[in-house]
Structures are given as structure tokens and as C-alpha cells.
Amino acid sequence: MFGTGHTTPRLGIDLAGGTSITLTAKSDDPAAINKDSMATAVNIIQKRVNGSGVTEAEVQTQGSSTIIVNIPKGNGDNQEAIKKVGETAKLYFRPVLALAPTGVAAQPPAATPSAAASGAPSATPSAGASAAAAPSPSASKTAGRAVTDGLKADPTASATPSAAATPSAAPSAPSAAEMTAALTQGTVPPELATQFAGLDCSDPSKRLDYQSDPTKNAVACSYDAEQGLWYKFALGPVAVNGQDIDKALASFDTQQGAGWQVQLQFNGDGSKAFAATTGQLATQASPANQFAIVLDGRVVSHPYVSQSISGSAVISGNFTQTEAKALANVLSFGALPLTFETSDVTTVSPQLGGDQLKAGLVAGGIGMLLVVLYSLVYYRGLGLVSIAGLVVSAALTYAIMSLLGAGIGFALNLPAVCGAIVAIGITADSFIVYFERIRDEVRDGAPLRPAVQRAWPRARRTILVSDFVSFLCAAVLYLVSVGKVQGFAFTLGLTTALDVVVIFLFTKPLITLLARTKFFAEGHKWSGLDPKRLGARPPVRGRRRTSATAAKEV
């Protein structure tokens, strides 16, 4: 899993060192554990692990209800990442109190204040000042999305705080705190003022821990991919719990032409809480008329509200299909009674991983050496063909594993190395089958070139049947197994398929060319095809002529 680039295979935890965590999904409702919820869980866990400062961590599903998390050794806070991995996702609806862009460098105020140009909600700034050379917090794409029973435009929309003042002729650069105050919409509660001012969402180490108290005000972060900017929020206590969502579905509005939207349905408690919350928010000015959908401390959307809504709701406004489905999956996943049980945690030190890799390479080298010695002693000159074929097969296997590591994250673990060692025998077996068929033809008195051609159909059939059985076994093992055993099965299947490629495209053409050389065609004693050493019989035609001559003499 961990390699230095595209030129080397990625090594798994057992070879590179690190921690591997196996999570098993549990739910009272079997239908809740499905492909979409598992994919959303993988995405959430990936963000959790990376949010702990860990790099190159790998999170992937295995089977229908298992997630494997591989965390490399020495990359960030592994213990914190391990702690966060198996915890259930928390989805909340919180009212927005204030928001502002974050991570924006302080700039002198522009010569002319910004005018109303955006379709996002406006607000009176907490410290009304000039418009700085930075984006308005309300320019966030999700700020213009509405939660209604239909489609409405936000009547309070404007681009920047309305209390803009004309800047002086030669202003001084504002401080970071002044920038935050100037760009903040809404009112930050006093108890959050220091935390909100110091929050830089562009810095992973300063983001909110997703386990904030749901009964208290909190700060949170959101990333606007379209603008490439982080936004920070001051949020009120949790108004609606994600567990109160019955259903969330992405759909395309064909009647009113609103495009993609997300439909929500709440249970009894959720419907009452959502009606009360939206009724209160609808009377507020922007951004206090917005609520934030918060998943693990990250604001995934913050649409505005213009009326009290109960039972069901529609979130609409400039969604793409991908965005609508992603938000629906987030809402659905947060609403499901889905938890994860840590089935297994394996930690391997880098030294132990290196020792295991070395042992695997030594075993492979010994196996290769024994095959080479056997080929040279028994087949002599033909043994060089088998050695060349093994080298080509090894090179192809190495190259493909390197590409798969870079392309799909395939990790070479210890069982996979074992599969590669077993493949040495499979490849050697194909050579032996073909060589023995050629020798059988030579024993029957055929010259080498015809022997090579006649031996090929028989050998080809045997090789294909043998490789098909091996590949079938590898495929079945891959499908029914979990964990590292799949690495063994995958490598075995890959090398078996490569064996067919090598024998058809390399070994057969090479032997055909060698059969034309004097060394092999005349059956040199070191060629491995010496007729005398093989006990070849006289040609069939010669025996027939001798019999005919004897009949005439009689």
C-alpha cells in the first residue's frame, strides 16, 4: 500500500509497518447496510483519519459489510486516528448564528466597497467596516440553497454586508482579527468570540473536533469546492438530530424546472422539531435564517428557510446530480441506525514488516534458484529458455503490481508474496509440459523443427486446461475469502493469467527460432534435445523401407 512512486509496488501493513483495522457494520435493519451507506461511511472515515494528520491512509470496503482501514506507521497521530475510526457518524441540524471566510490573507480595503451582486443572503456585520479584498461569506454556493415545500428566492439576498463604509485614501492593512470582524455575517455569541476569531479552517490542526456538545453553541467548518475556500460558522445548539430523518432522496424536479434537489422526510419527533426550528428561522435575517447540516463537525450544507416546514422538506438550488446524491447519502447515512464494531486491530512495526518482506524475498529467491538449477541440470540448453521465461514473467508481474498500486491502491502483502512464489511453480510447469512434448516427438524420430510444431497443439491444450483450473481456484478463493487471503488469491490469479501470455507470446516463438539454429537442430549433447540421450528410435520411414526390402529378398 505504501510505495515511493509508480515504479515500485505498494506495500501492505504487514510489510511496511503500521496499523490495520477491520470494521464490521451492525444494524437492526439489514436493509440499512447497503452499497450507498457503506460508500458514505468510507468517505466519512477517510476524512476522520486524514483529519487526525495521518497521510496515505487507505480506507476501502471488503464484502458487503466490512471496512478495512490501513494506517501507515509514523504518519501523524495514529492513536487518535484509531480512536476515531470506529465511532458512529453524528449528523445534526444546527441554526447558523454567524459565518465568515477563513484562511484569507489580510488585504488593504478596496478603493470602492462591494455592491450587491450575489444571490446569497446578507446580514449586518458584527463589526461593520469596509469590504476587504476577500470573498463575501455569503458567496458560498450552498448559502443560496433553500429549504421549502416548493421553490422560493431568498428575499434578503445581497452580496456583502450592507453597512459598508467608504475607505480612507491611505488605509493600513487590517489585522487578522479585524479581517474576521469585517467579513463576518451575523452575531457571534460572546462565549464563542475567541474561538471563532482564532479558527482557521484551512489548517487541519485547528478544525473543530466533531464530538462537540450538541446542547451548546459550537463552531464548525465548511469547504466550498467551487470557490476553493474554507468558511467558518458559529452555530447554535442542535435543533434536530439526524436520527430523526426517515428518508432522504435526490430527485430531479421536472415540474418547476428547479433541477436536482434533495427531499427529506422526518419521523414524528423530527417533524415537530423541524417545524419549530424552521418557523423560528424564517423570521430572522440572513444568515440567522439558515440552518447548518453538520456531519462530524463539518458543515455539508447551510440552506436558508423562509417558512415553517413539518413532515417533509425540499432542499433546492443549483445542485448538480453528484452534489444532490452526495447530500442525500450523507443525510440518509446519518439517519440510519448503523454502527461499526471493531473486529480486528493489527499493528506491525516497520522493523517486523521489513523482516517479513526480506523473508518473503528470500523464499522467492530460493524457489527461483531451485527451478533454475533443475532446468539447467535436466533440460540443459532448454533450461535457458525456461529461465528467460521466468525472468519475463517476473518483470511483467512486478510492472503490473506497480501500476495497480498506483492506479487502484493494490497493496502487496505477505500472502500476496506467497502467491507470487507459488506462481513460479505454475510457470515452470508450463515450460516442462511443452519441453516434454517436444522430447516425445524427438524420441519418435522426428526432426526438431517438425517436432516443435507437432508438440505445440498437445502442449497448448494441457497448459490451458491446467492454467484454467488454477485461475478458477484463485477466482473462487478471492470471492469467498476476506482480508489478506484475497491478496494471495489475486496474485495467484494474476500470475496464472500472465503464464498464458508468456508461454504463447514468448516461449513458443523463442523455441521456434531456436529450432532453426545448428546447436539445437542437430541435437547437441548440451542442447537438452540429443536424440541418443533421449533414446530416440529410428525414423518410421526408415523402418518401412527395411521391411519392404526384406520382403523382396524373400
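A short reminder: the numbers here are calculations on the coordinates, not readings from a lab. Predicted model, so just to flag it, every value in this text is computed and none were measured. Note: ideal-geometry Cβ built from the backbone for every residue, glycine included; neighbour counts use all protein chains shown.
Between Glu191 and Thr283, what length comes free when the chain is fully extended (0.36 nm per residue of separation minus the Cα-Cα distance, one decimal in nm)?
Stretched out fully, the Glu191 to Thr283 stretch lengthens by 30.7 nm.
How much length is gained on full extension from Asp29 to Ala475, taking 0.36 nm per residue of separation minus their Cα-Cα distance?
Full extension from Asp29 to Ala475 adds 157.4 nm.
Would you calculate the separation in nanometres between label points at Leu534 and Ile400, each defined as 7 Å from the Cα along the Cα-to-beta-carbon direction?
Between Leu534 and Ile400, the label points sit 3.1 nm apart.
Output ³J(HN,Hα) for the range 455-466: one whole-Hz value per residue in order, computed from phi by the Karplus curve 6.51 cos²θ - 1.76 cosθ + 1.60 with θ = phi - 60°, and x for Gly and Pro.
Calculated HN-Hα couplings, in order: 6, 5, x, 5, 5, 4, 4, 5, 5, 5, 5, 4 Hz.
Arranged from highest to lowest average of other beta-carbon atoms within 10 Å per residue, in what order do the peptides 324-331, 445-452 appear? Present the calculation step by step, with values, prior to reporting the outcome.
Values: 324-331: 21.8, 445-452: 18.0.
Descending packing order for the listed peptides: 324-331, 445-452.
Order these peptides, 393-399, 489-495, 311-317, by their mean beta-carbon neighbour count within 10 angstrom, highest first.
So the order, starting with the most tightly packed, is 489-495, 311-317, 393-399.
How are the C-alpha pair distances of the range 417-545 spread across 5 Å bins, as whole percents from the shortest bin up?
Using 5 Å bins, I get a P(r) of 2, 11, 18, 18, 14, 11, 9, 7, 5, 3, 2, 1, 0, 0 for the range 417-545.
Over the Cα atoms of the range 260-319, what is the Rg over Rh ratio if Rh follows Kirkwood? Kindly include the intermediate steps, with their values, before the conclusion.
Values: Rg = 11.5 Å, Rh = 12.0 Å.
Ratio of gyration radius to Kirkwood radius: 0.95.
In terms of modelled amide H atoms, which long-range or inter-chain residues lie less than 5 Å from the amide H of Leu97?
Ala234, Leu235, Gly236
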